Amino acid sequence: MWYHRLSHLQSRLHDLLKGGVICQALPQPTFKSLLPLAVRWHHTASKFLTCAWQQHEDHFELKYANTVMRFDYVWLRDHCRSASCYNSKTHQRSLDTASVDLCIKPKTIHLDKTTLFFTWSDGHVTKYDLNWLVKNSYEGQKQKVIQPRILWNAEIYQQAQVPSADCQSFLETKEGLKKFLQNFLLYGIAFVENVPPTQEHTEKLAERISLIRETIYGRMWYFTSDSSRGDTAYTKLALDRHTDTTYFQEPCGIQVFHCLKHEGTGGRTLLVDGFYAAQQVLQKAPEEFELLSRVPLKHEYIEDVGECHNHMIGVGPVLNIYPWNKELYLIRYNNYDRAVINTIPYDVVHRWYTAHRTLTMELRRPENEFWVKLKPGRVLFIDNWRVLHGRECFTGYRQLCGCYLTRDDVLNTARLLGLQA
Ligand SMILES: C[N+](C)(C)CCCC[C@H](N)C(=O)O
Ligand SMILES: O=C(O)CCC(=O)C(=O)O
Ligand SMILES: [Fe+2]
């Protein structure tokens with residue numbers, strides 16, 4: 001049981017230290033306990049929640065809604081939502097954080113129903129709703145994923161029977177667009193059907209969900225096996241699974257493909273969920289997963305063909321994870337475009353190759369391969385931060401059009417439709 005002991009010494013000391021840079025330890029923390037409060041916890045059935053808090057020397061500890069949270073005092077002052085500290089119209093901070101004493105401590109703390117009041121030594125009062133604190137605390141975020149996903153292999157994806165969106169409902173209805181984006185966010189791939197097989201219609205589709213990301217390949221691109229560019233994509237050769245634009249500091253978020261014509265054989269598209277494969281690596285060899293997420297390396301695009309002169313370099317690890325919740329958010333995998341490894345000492349390089357091999361084996365398992373033949377009228381959207389693509393070699397004339405999308409804008413559209421992204 002926590003209890004409250006008012007410490008005069010504490011505020012005296014605080015006054016003494018105010019403005020100083022040394023934060024000295026106090027002999028005793030201040031404790032406070034509160035009677036159980038009848039508060040509803042969102043998403044769960046009706047439940048009585050208790051709240052208890054404790055004022056430590058260098059942080060504030062709060063127990064609420066089955067969560068133990070710890071808050072830094074500067075953080076508590078910095079996130080003050082009072083009218084003078086925060087503009088709730090623009091959702092921007094007005095407070096100059098640099099003006100906050102780094103040794104700041106509240107003079108008094110009290111709770112009224114579900115609101116905590118912090119009174120600072122200059123008299124300013126900061127209010128926090130307990131549920132806001134739970135939602136915005138580190139401890140709360142640590143347990144949550146930024147983006148819910150369904151990881152798949154060929155069987156899982158096929159069993160799920162994910163419907164394609166119809167072009168008209170995608171373009172004209174909010175529900176059609178929302179359903180499409182929901183599937184896209186969950187699986188990292190999604191199809192739109194009944195699209196007139198032209199570049200203009202493909203562009204319209206892309207613009208419905210995002211700004212188009214213009215790159216060295218143009219805004220909308222259109223390509224055949226004419227070797228017009230210095231890249232294997234512009235040939236009839238097979239392409240093993242990879243993600244695109246690994247040689248950009250921020251690889252393109254989404255890729256859109258529309259096959260406008262193919263008179264010949266082969267040319268099927270291969271799709272592999274990179275996050276599913278990475279998950280397997282995490283389970284089988286966690287230290288290899290860790291290494292792939294820690295070691296940065298370069299990818300490179302050097303082109304010198306006709307009028308096209310480009311030299312792109314992108315740096316980053318193969319697996320990119322959020323440090324606070326260990327969620328994987330980007331896989332950068334392209335063995336064609338991987339540059340000379342000169343960012344890793346030799347002994348780590350060897351372990352890196354081992355880890356890369358493990359990941360590659362998972363990515364190459366036949367049961368993880370989902371093959372589709374792209375046809376005119378059926379547009380494919382690929383999450384290029386998650387799903388790898390490849391293609392079978394082909395014969396005959398084959399025309400593909402498409403574009404890259406800016407990830408921020410796709411997620412923006414999704415959030416505005418109420419989706420978690
Ligand atoms: C899609 N489009 C044909 C325009 C470009 C292809 C880029 C190919 C490059 N090797 C990469 O993987 O990034
Ligand atoms: O030709 C294809 O199907 C895809 C080629 C490719 O990987 C690309 O353009 O990014
Ligand atoms: Fe590609």
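The values are calculated or read from the model by the stated rules, or taken from the named source; none is laboratory data. Note that this is a predicted model, so its numbers are computed, not measured. Please note: Cβ atoms are built from the backbone with ideal geometry, for glycine as well, and neighbour counts cover all protein chains shown. Heads up: the accessible areas ignore ligands, DNA and RNA and are worked out on the full protein's heavy atoms, side chains in. Shrake-Rupley method; radii C 1.70, N 1.55, O 1.52, S 1.80 Å.
How large is ³J(HN,Hα) for each residue in the range 378-388, as worked out from phi by the Karplus curve 6.51 cos²θ - 1.76 cosθ + 1.60 (θ = phi - 60°), to whole Hz, x for Gly and Pro?
Here the 3J(HN,Hα) series is 10, 9, 10, 10, 10, 6, 6, 8, 9, 9, 7 Hz.
Rounded to the nearest whole Å², what accessible area per residue is found for the range 154-417 with the 1.4 Å probe?
With all protein chains present, the range 154-417 gives 45 Å² per residue.
Apply the a/c threshold of 1.5 to the C-alpha gyration tensor of the range 259-308 and tell me whether it is rounded, prolate or oblate. Mind dumping the intermediate values first?
Working: a/c = 5.15, a/b = 1.50, b/c = 3.43.
Here the range 259-308 falls in the oblate category.
Ranked highest first by average number of other Cβ atoms within 10 Å, how do 67-79, 122-134 line up? Each step should come with its number before you reach the end.
Numbers: 67-79: 17.4, 122-134: 15.8.
Highest mean packing first, the order is 67-79, 122-134.
Roughly what would the spin-label model give for Lys178 and Gln143, points 7 Å off Cα along C-beta, in nm?
2.8 nm
So what is the relative contact order for the range 52-140, in percent, with contacts set as C-alpha pairs under 8 Å and at least six apart? Display every interim value, and only then the final one.
On the way: 127 pairs, mean separation 21.7, N = 89.
That works out to 24 percent.
Show me 207-218, 156-167 ranked by packing, highest mean number of other Cβ atoms within 10 Å first.
On the way: 207-218: 17.0, 156-167: 15.2.
Averaged packing, sorted descending, gives the order 207-218, 156-167.
Which one of Trp352, Pro286, Thr413 has its Cα pushed farthest toward the positive end of the charge dipole of the range 154-417, where Lys and Arg give +1 and Asp and Glu give -1 at the Cβ?
Pro286
Find the centroid of the Cα atoms in the range 180-201 and in the range 342-378, then give the distance between the two in whole Å.
Taking the Cα centre of each part, the range 180-201 and the range 342-378 sit 25 Å apart.
Rounded, prolate or oblate: pick one for the range 293-386, where a ≥ b ≥ c are the square roots of the eigenvalues of its C-alpha gyration tensor, a/c under 1.5 means rounded, and failing that, prolate if a/b is larger than b/c, else oblate. Please list the in-between numbers first.
Details: a/c = 1.76, a/b = 1.15, b/c = 1.53.
Oblate.
Could you point to the residue in Val192, Thr108, Pro163 farthest towards the positive end of the range 63-212's charge dipole, with +1 and -1 charges on the Cβ of Lys/Arg and Asp/Glu respectively?
So the residue furthest toward the plus end is Thr108.
Is the C-alpha gyration tensor of the range 160-239 telling us rounded, prolate or oblate? Criteria: a/c under 1.5 is rounded; beyond that, a/b larger than b/c is prolate, otherwise oblate.
Working: a/c = 2.24, a/b = 1.79, b/c = 1.26.
Since a/c reaches 1.5 and a/b is larger than b/c, the shape of the range 160-239 is classed as prolate.
Which of the aspartates and glutamates could a cross-linker bridge to Lys298, judged by Cα under 14 Å and excluding same-chain residues fewer than eight apart?
Answer for Lys298, where 14 Å is the Cα cut-off: Asp244, Glu250, Asp337, listed by chain and number.
So what is the accessible area of the range 52-140 per residue, in Å², with the probe set to 1.4 Å? If you can, show how the numbers build up before the last one.
Working: 4380 Å² over 89 residues.
Result: 49 Å² per residue.
Counting only DSSP beta bridges with both residues in the range 154-417, tell me the antiparallel percent, nearest 5.
95 percent
Normalised by the residues of the chain, what does the relative contact order come to in percent, with Cα pairs under 8 Å and at least six apart? Let's see the in-between values first.
Working: 808 pairs, mean separation 80.3, N = 421.
Relative contact order comes out at 19 percent.
In whole percent, how big is the carbon plus sulfur part of the accessible area of the chain, probe 1.4 Å, protein atoms only?
Working: 11330 of 21250 Å².
Roughly 53 percent, rounded to a whole number.
For the cross-link pairs Lys107/Lys127; Lys178/Lys204; Lys174/Lys373; Lys174/Lys204; Lys63/Lys142, which exceed 19 Å when the distance is taken from alpha carbon to alpha carbon?
Flagged as over cut-off: Lys174/Lys373.
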